[in-house]
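Chemist: Following this message is one structure expressed as structure tokens.
The values are calculated or read from the model by the stated rules, or taken from the named source; none is laboratory data. Since we're looking at a predicted model, the values are computed, not measured. Cβ placement follows ideal geometry from the backbone for every residue including glycine, while neighbour counts extend to all protein chains displayed. What goes into the accessible areas is simple: the full protein's heavy atoms, side chains included, and nothing from ligands, DNA or RNA. Shrake-Rupley method; radii C 1.70, N 1.55, O 1.52, S 1.80 Å.
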Amino acid sequence: VQADLAGVLGRSSALSNPAGIQVGAGADGVVTLRGTVRDADEARLAEGMIRLTPGVRDVRNELSFPAAP
């Protein structure tokens, strides 16, 4: 399941660095996203992509991004 979820992000051309996102999947269907993305929009996009994956019950979005100037 974890590899499938990472593959969902890896195939996206909308994410600037999908390899920078670590996906942790628990047996209870809760997925944790960690790592660094470009901005808040990209963090929401990654979370949305994972939420749409069958079997995912909840997403803990712990992605970080640089503060806006």
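Chemist: By the scheme Lys and Arg +1, Asp and Glu -1, what is the net charge of all other residues having a beta-carbon under 15 Å from that of VAL30?
Modeler: Overall, the nearby charge balance is 0.
Chemist: On average, how much accessible surface per residue is there in the chain, in Å², for a 1.4 Å probe, leaving out ligands, DNA and RNA?
Modeler: 61
Chemist: Same structure again: Using only alpha carbon positions, build the gyration tensor of the stretch 1-60, then give the equivalent ellipsoid semi-axes as the square roots of 5 times its eigenvalues, largest first, whole angstrom.
Modeler: 18, 11, 10
Chemist: About its Cα centre, how strong a charge dipole does the chain have in debye, to the nearest 20, once Lys and Arg get +1 and Asp and Glu get -1 at the Cβ?
Modeler: With only Lys, Arg, Asp and Glu charged at Cβ, the dipole is about 60 debye.
Chemist: Highest mean first, how do 28-39, 2-13 rank when packing is the count of other Cβ atoms within 10 Å averaged over residues?
Modeler: 28-39, 2-13
Chemist: Let me ask another. Using a 1.4 Å probe on the protein chains only, how many percent of the accessible area of the chain belongs to carbon and sulfur?
Modeler: About 53 percent, which is the carbon plus sulfur part of the accessible surface.
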